[in-house]
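Report on the following structure.
The values are calculated or read from the model by the stated rules, or taken from the named source; none is laboratory data. Since we're looking at a predicted model, the values are computed, not measured. Note that each Cβ is placed from the backbone with ideal geometry, even for glycine, and that neighbours are counted across all protein chains shown.
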Amino acid sequence: MDNCDARQTQLKPVAEALAFLLGQVKPISGLEKVNLDEALERVLAAAVRSQVDVPPWDNSAMDGYAVNTGDLDAEGGRLPVTQRIAAGSAAGRLAPGTAARIFTGAPIPEGADAVVIQEVCEVDGEQVAIKGKPATGANIRKAGEDILQGEEILPAGIRLDAQHLGLAASVGVAELSVHRRLKVAVFSSGDELVMPGGELRAGQIYNSNQFTLTGLLQRMGCEVIQLGIVEDSFEATCEALSRGAEEADLVLASGGVSVGEEDHVKPAVERLGSLELWKIASRPGKPLAFGHIGETPFMGAPGNPVSLFVTFSIFTRPCILRMQGITGEVLPRPVSVIAGFEKAATDKRQEYARGRLEQGDQGEAVVRLYPNRSSGVLSSVVWANGLVVLPPLTAIKPGDPVEFIPFSELMS
């Protein structure tokens with residue numbers, strides 16, 4: 001693909017940029033088999049089919065008495081109790097004109113067609129008095145009513161949660177085929193950066209971006225390759241990009257993606273490979289870079305900590321999900337809430353503002369904005385519990401509906 005041309009100086013709308021990015025990435029190759037206790041949050045590579053019927057046999061949904069409804073009249077009746085069936089035990093055939101004491105999960109004896117709950121029964125010695133006649137099939141869970149043998153229970157391309165593992169275990173599956181972990185190389189550009197614990201000199205700041213980025217990647221189950229702080233030089237930037245492309249499936253950089261004299265990421269990517277996307281009509285994070293170093297995708301975000309957080313959440317995260325093998329929807333799903341703020345229709349870019357969703361006076365969900373819009377105020381991300389989507393050139397008044405993306409949606 002050709003390097004940037006004059007058209008790439010135009011700001012690309014967010015939806016168009018996302019469609020382009022997702023069209024440029026594909027799932028990584030490489031599968032592995034893992035035990036169920038190692039599969040949590042991995043991406044399933046092959047569909048899972050049941051080895052058994054669930055339930056494997058008709059069983060009782062309640063504690064009570066198994067009966068044949070033909071032995072009772074409309075008012076019920078009195079039957080001798082001839083056997084006791086607990087979960088995990090085998091059931092003998094129910095003799096005509098008798099009842100069996102049965103417990104939840106126990107197999108239904110042959111000859112029974114209903115279970116009467118114990119609350120409507122009275123025990124008198126070796127007999128049980130039943131009030132009323134149950135419907136045929138009452139309180140019986142039929143074999144295979146949940147899952148049939150051979151049925152697909154888990155599709156490929158999902159991230160495995162606890163309930164998925166439990167379902168696989170319930171049909172006897174002990175191992176799952178999953179995609180290998182995505183390897184992501186990260187580095188931060190800037191002579192002003194110092195690692196926490198070091199001594200700050202004039203003009204220096206601590207490197208927060210490395211830990212924000214690493215934490216976000218680890219929450220997604222990625223294997224992170226740390227390339228550290230890269231000095232502000234073209235040669236050092238090229239070296240970091242080359243190393244990352246050799247060792248990882250994706251290279252991420254924070255800082256150095258603008259066009260200042262000390263910003264070397266853009267020309268370095270163009271030298272080593274291709275730069276296919278730059279400058280998006282979003283706030284924060286306008287100078288978002290995407291390209292390739294050889295066959296390895298590269299994404300570069302601004303160095304401001306809020307810009308990094310937002311661009312990762314909105315643009316990088318969906319690409320990573322697709323590379324990990326997720327086949328379903330990868331874009332964040334906003335919810336509609338009530339605005340607790342006012343905004344003029346002045347911004348030409350779509351803004352992702354830091355917001356806190358709260359309960360209003362009438363119990364409604366109201367979102368408020370952090371008062372400082374600066375992309376350098378990282379404390380605002382801790383104050384917030386999500387991002388408010390503010391469309392371009394759109395005025396918003398208190399009480400208007402707005403879209404809100406909870407952080408819980410972005411961290412899963």
For this session: Spot the failing condition for G70; the list is (1) in contact with a helix residue (DSSP H, G or I) (Cβ under 8 Å, 6 or more places away or on another chain); (2) not in a loop (DSSP other than H, G, I, E, B), and only one is missed.
Result: (1)
For this session: Quickly run through region 166-192 and pick out the residues that are farther than 18 Å from G244 by Cβ and buried (at least 20 other Cβ atoms within 10 Å of the Cβ).
Result: A168, V171, L176, V178, H179
Problem set entry | Search result, residues across region 191-206 that are of a type in the set (A, V, I, L, M, F, W, C) and over 35 Å from the mean Cα position of the chain (by Cα) | L200, A202
Seminar exercise, completed: Checked A45, A87, A15 against criteria (within 37 Å of the chain's Cα centre (by Cα) and either of a type in the set (K, R) or surrounded by 15 or more Cβ atoms within 10 Å (Cβ to Cβ) (or both)); the one match is A45
Exercise. Strands (runs of 3 or more DSSP E) wholly in region 106-165 with at least 1 residues that are surrounded by fewer than 18 Cβ atoms within 10 Å (Cβ to Cβ) and in contact with an Asp or Glu (Cβ under 8 Å, 6 or more places away or on another chain) - which ones?
Worked result: 114-117, 127-131
Exercise. Hey, which of the strands (runs of 3 or more DSSP E) in region 334-412, taking only ones fully inside, have at least 1 residues that are without any contact (Cβ under 8 Å) to a residue 60 or more places away in the chain?
Worked result: 350-359, 365-369, 386-390
Problem set entry | Selected residue (only one of R333, R354 is among the charged types (D, E, K, R), under 22 Å from the mean Cα position of the chain (by Cα) and surrounded by 18 or more Cβ atoms within 10 Å (Cβ to Cβ)) | R354
Seminar exercise, completed: How many residues of region 75-124 are under 16 Å from T136 (Cβ atoms) and acidic (D, E)? The answer is 2
Exercise. Is it the case that some residue within region 45-64 is at pLDDT 95 or above, more than 27 Å from L154 (Cβ to Cβ) and in a strand (DSSP E or B)?
Worked result: yes
Seminar exercise, completed: Sole miss for G328 among (1) within 24 Å of Q210 (Cα to Cα); (2) loosely packed, with under 14 Cβ neighbours inside 10 Å; (3) within 15 Å of the chain's Cα centre (by Cα); (4) of a type outside the set (D, E, K, R) is condition (1)
Exercise. Restricted to region 206-255, and to residues that are of a type in the set (D, E, K, R) and more than 15 Å from T296 (Cα to Cα), which residue is modelled with the lowest pLDDT?
Worked result: D232
Exercise. So, in region 300-325, of the ones that are touching a residue at least 60 places away in the same chain (Cβ under 8 Å), outside any loop (DSSP other than H, G, I, E, B) and more than 18 Å from the chain's Cα centre (by Cα), which residue ends up nearest to S208 (Cα to Cα)?
Worked result: P305
Exercise. Of all residues in region 376-396 being more than 25 Å from the chain's Cα centre (by Cα) and among the β-branched types (V, I, T), which is nearest to K348 (Cα to Cα)?
Worked result: T394
For this session: Filter region 367-412 down to the residues that are modelled with pLDDT under 95 and of a type in the set (D, E, K, R), then identify the one that is nearest to G215 (Cα to Cα).
Result: E409
Exercise. Can you tell me which of G221, G203 is over 20 Å from P287 (Cβ atoms) and without any contact (Cβ under 8 Å) to a residue 40 or more places away in the chain?
Worked result: G203
Exercise. What residue, of A162, A174, A168, is modelled with pLDDT of 95 or more, closer than 30 Å to A46 by Cα and over 21 Å from the mean Cα position of the chain (by Cα)?
Worked result: A174
Exercise. Can you find even one residue in region 32-41 that is under 21 Å from the mean Cα position of the chain (by Cα) and within 16 Å of I320 (Cβ to Cβ)?
Worked result: yes
Seminar exercise, completed: If we ask which residues in region 82-99 are assigned to a strand (DSSP E or B) and over 16 Å from G125 (Cβ atoms), their number turns out to be 1
Exercise. Which helices (runs of 4 or more DSSP H) sit wholly inside region 195-291 and have at least 1 residues that are crowded, with 21+ Cβ neighbours inside 10 Å and among the polar types (S, T, N, Q)?
Worked result: 209-219, 234-247
Problem set entry | Enumeration of residues in region 92-146 that are polar (S, T, N, Q), more than 14 Å from T69 (Cα to Cα) and touching a Gly at 6+ places or on another chain (Cβ under 7 Å) | Q118
